[in-house]
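J.: Before anything else, here's the structure in question.
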Amino acid sequence: MTTTTEQQQDQSAAVYLPHPRLVSPEGGRAKPWVSSMAEYEALYKESIAEPEQFWTRMATETLTWDRPFRHVTHGSLKNGDVAWFPDGRLNVAYNCVDRWALADPDRVAFVYEADEPGKATRVTYKELQEQVCSLANVLAAFGLRKGETVAIYMPMIPEAAVAMLACARLGLVHTVVFAGFSSASLAERVADARARVVITADEGLRGGRPIRTKAIVDEALQSCPEVEHVLVFRRTGSEGVPFSAPRDVWWHEAVAAQRPYCPPVEVSAEDPLFLLYTSGSTGKPKGVVHTSGGYLLGAALTLKYVFDIHEGDVFCCTADIGWITGHSYVVYGPLALGATSVIFESVPTYPDASRYWRLVEEHRITQFYTAPTAIRALRRHGDDFVTRCDLSSLRVIGSVGEPINPDAWTWYSEVVGGGRCAVVDTYWQTETGSHVITPLPGATPAKPGSATFPFFGVELAILDPTSGAELEGNDVSGVLAIKRPWPSMARTIAGDHKRFLDTYLKPYPGYYFAGDGASRDADGYYWIRGRVDDVINVSGHRMSTAEVESALICHPAVAESAVVGAPDEVTGQSICAFVTLKDSYTATDALTAELVKEVRTRIGPIATPKTLILVDELPKTRSGKIIRRILRKVVAGEADQLGDLSTLSDQSILEVLVNKVTAAL
Ligand code: WTA
């Protein structure tokens, strides 16, 4: 704690003013949407003091409504019955595709940067409209009707976005499952979402390596008998991909038989657009529900203001569509603004560490959005990989997913941004749908490491974690909460509204509880300190400790396990697992490796423990509860700051534990 506070005081000295190139652009380029703090403050104030007026204007200017709304907001955080624009009706695919296809058919919707370098292709809005319509007709022919759920398990290819939009066109709810998840994780999500159709590809390709996407789907579906159809896009065309008609249907054959127009189905603003599973404090992932109206508005508006999107801009977000960042900032935000969005299928180091920067150069990317883990990893490869590329097209560069340390921030700003770009450190969550704390590029003086100030309509609070009292004024630390509903907030958890209330709205009644610690410094800037629950953030991916522990327990040798996050220079945190074995098993390196593999195959590569330590005993209270706090401290190298140990039943295990950790890390 002390170190963080000291660092923060140092950091508050470094303030980066918006670059004049952004505030007063030359060469006839448009001024930023918000070009001073005074303008930001005026708009923010209006959004809080006159929310009906503010949101009516924003929702009317940004989206096209089939039936205009008469009511702006409904419900409260206290009751958990929030709704936005409840009597308005619209279609998300119409808003994202048709509006631009009709007005400017040749405008590029997607630039697709395939895994193989030098093979980029483009999809215009007109082509996108035809593809979305044909696919929507295929889904309708499967008998799918408004409100049903479709699972999508696909590589980062334009067809993944086409699949999402085809669902939206029919009022179907999609649930995209990150294609790095294992068959068991996929099965769990398909079953929970009650999907009857899965859309996938034959194979994926990442960094030149094929991924057996369809085979994984087949494994998953062994335990999902309710799935009637699997629609398979041919990505690699490899031989020997398992395929069993009539359940399996080739995408290219099915769309060829359909008319490339399909009327959009009008839905309520409150009808769900998608479910997205995310990890929480307990083992079972939760299907966070986002709506059609409020979510789309949030994604579009934040992108417009935070990345300052203007006509002709080429926006690139490197997140996978399996995560919320891919939903909001690869697909829905850019398309709702009629912008051009880059779909990046590869990895940042293939064929070398210049890949991102060549991408920027080749496509004249104007805004680039990635995660601190990628920034830190690429920085290790040296500046040459960056500086050999022409990055002069960039104006705004963004960071998301975890706190960005000031060093990485400065490198990003100076080396990638050439000291001429705005860096936007955007804080948000799957549940918030879009940015909630973020700078605006033409307005906000940045402090490296701080996400700065709230977005429009977001009223923040810092609460005392124990009493729940709101900490007023500046220079305060506690847990982060939001005081009033905002349009893109999640409405519920699929099939479990009680869990939604218990997780987000009941811990501090009247507030949305974000699960992160935060402070507000002397100048009112917000600093996110990381999760206060049992969620680990590895490379910006959320993983619950309980999920990893449940996977370990499946192995016959494991008696007990405890998983904590360890600080990691590149990935932010890494997964560190402590395991005790059943009596009949002996600790060997081979067994350690087997246990690591167990987690990898059960959940997916992103859950692979970086460190797995076999111990004789875990630190426990007298009543037998594992004290994870001790493990967290030990792996953080803070064994000398363990605090009150009076509840620990056997203090003698500490020394052994510390020695084992020191040897392993
Ligand atoms: C963390 C990703 C600090 C935070 C969009 C949050 C951040 C969790 C930032 C949500 C940031 C995200 N600074 N921490 N700029 N952005 N986080 O749901 O702990 O995958 O609660 O959404 O990531 O992760 P999720």
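Each value in this text was obtained by applying a stated rule to the coordinates, not by laboratory testing. This structure is a prediction, so every number in the text was calculated from the model and none was measured. All Cβ positions, glycine included, derive from the backbone under ideal geometry; neighbour counts span all protein chains shown.
J.: Can you compute the helix-only [θ] at 222 nm over the chain? Use -39500 (n - 2.57) per DSSP H run of at least 4 residues, normalise by all residues, nearest 500 deg cm²/dmol.
T.: -8500 deg cm²/dmol
J.: Counting only other residues whose beta carbon sits under 9 Å from that of G510, what net charge do I get with K and R as +1, D and E as -1?
T.: Around G510, the surrounding residues sum to +2.
J.: For a quick check: sort Y508, Y350, Y305, Y412 by the number of other beta carbons within 10 angstrom, fewest at the front.
T.: Arranged by neighbour count, lowest to highest, Y508, Y350, Y305, Y412 become Y350, Y508, Y305, Y412.
J.: Sticking with this one: Say each of H497 and R364 gets a label point 7 Å from the Cα, pointing the same way as Cα to Cβ; how far apart are those two points in nm?
T.: Distance between label points: 5.1 nm.
J.: A further question on this structure: Give, as a single signed number, the net charge of other residues whose beta carbon lies under 15 Å from the beta carbon of I211, with Lys and Arg counted +1 and Asp and Glu -1.
T.: Net charge around I211: -1.
J.: Note down the nm distance, to one decimal, between modelled labels 7 Å out along Cα→Cβ at H71 and at I553.
T.: Rounded to a tenth, the inter-label distance reads 4.3 nm.
J.: At 0.36 nm per residue, minus the direct Cα-Cα distance, what do R209 and E459 gain on full extension? Give it in nm, one decimal, please.
T.: Result: 85.4 nm gained on full extension.
J.: Moving on. Would you kindly give the portion of the calculated P(r) for the range 1-150 that falls above 28 Å, as a percent of all Cα pairs?
T.: 55 percent
J.: Moving on. Between the range 429-480 and the range 141-163, what is the C-alpha centre distance in whole Å?
T.: Distance between centres, Cα-based: 35 Å.
J.: Same structure, new question: When DSSP assigns beta bridges and you keep just the ones with both residues in the range 42-198, what percent turn out antiparallel, to the nearest 5?
T.: If I count the DSSP bridges inside the range 42-198, around 55 percent turn out antiparallel.
J.: Among the lysines, select those whose C-alpha is under 20 Å from the C-alpha of K610, and discard any that sit fewer than 8 residues away in the same chain.
T.: Within the straight-line cut-off, K610 pairs with K597, K633, K660.
J.: How many times 2.2 N^0.38 Å is the alpha carbon radius of gyration of the chain?
T.: This ratio for the chain stands at 0.94.
J.: Right, something else. Within straight cross-link reach of K126, meaning Cα distance under 14 Å, which aspartates and glutamates are found once same-chain residues fewer than 8 apart are removed?
T.: K126 reaches D98, D104, D106.
J.: Moving on to the next point. For the chain, can you list the cysteines whose C-beta has no other cysteine C-beta under 4.7 Å from it?
T.: C96, C167, C224, C316, C317, C389, C421, C554, C576
J.: Considering only L165, G204, A220, whose Cα is most displaced toward the positive end of the charge dipole of the range 134-233, charges sitting on Cβ of Lys, Arg (+1) and Asp, Glu (-1)?
T.: Farthest towards the positive end: L165.
J.: Here's another thing I want to ask about it. Which of the peptides 515-523, 314-322 is most tightly packed, and how do the rest follow, going by the mean number of other Cβ atoms within 10 Å of each residue?
T.: Ranking, from highest mean packing down: 314-322, 515-523.
J.: Then there is this: Can you tell me, using C-alpha contacts under 8 Å and at least 6 residues apart, the relative contact order of the range 394-529 as a whole percent?
T.: 20 percent
J.: Per the Cauchy relation, a quarter of the hull surface: what is the mean projected area of the convex hull of the alpha carbons in the range 361-467, in nm²?
T.: Convex hull of Cα atoms, orientation-averaged projection: 8.2 nm².
J.: Can you put D202, D464, D640 in order, fewest other beta carbons within 10 Å first?
T.: Taking fewest neighbouring Cβ atoms as first place, the list is D640, D464, D202.
J.: Follow-up question, since we're still on this one. Just add up the charged neighbours of E594: K/R +1, D/E -1, any other residue whose Cβ is under 15 Å from the Cβ of E594.
T.: Its environment carries a net charge of +2.
J.: Additional query: Report relative contact order for the range 443-498 in percent, whole number only (criteria: Cα-Cα under 8 Å, sequence separation at least 6).
T.: Once divided by the residue count of the range 443-498, the mean separation gives 28 percent.
J.: Hey, could you get me the Stokes-Einstein D for the range 177-234, Kirkwood radius over alpha-carbon pairs, 25 °C and 0.890 mPa s, rounded to whole µm² s⁻¹?
T.: 214 µm²/s
J.: Calculate how many DSSP beta bridges within the chain are antiparallel, expressed in % of all such bridges and rounded to the nearest 5.
T.: Taking every DSSP beta bridge with both residues in the chain, the antiparallel ones total about 60 percent.
J.: To the nearest 20 debye, what is the magnitude of the charge dipole of the chain about its Cα centre, counting +1 on the Cβ of each Lys and Arg and -1 on the Cβ of each Asp and Glu?
T.: Around 840 debye, computed over the chain.
J.: Per the Kirkwood formula on distinct C-alpha pairs, the Rh of the range 487-546 is how many angstrom?
T.: Taking every pair of different Cα atoms in the range 487-546, averaging 1/r and inverting gives 13.5 Å.
J.: Fewest first, what order do R70, R628 take by the number of other Cβ atoms within 10 Å?
T.: Listing R70, R628 from fewest to most nearby Cβ atoms yields R70, R628.
J.: So, in nm, how far is label A636 from label F243 when the simple model puts each one 7 Å beyond its Cα toward the Cβ?
T.: Going from the A636 label point to the F243 one covers 5.3 nm.
J.: Using only Cα atoms, locate the centre of the range 585-621 and the centre of the range 182-238, then give the distance between them in Å, rounded to an integer.
T.: 27 Å
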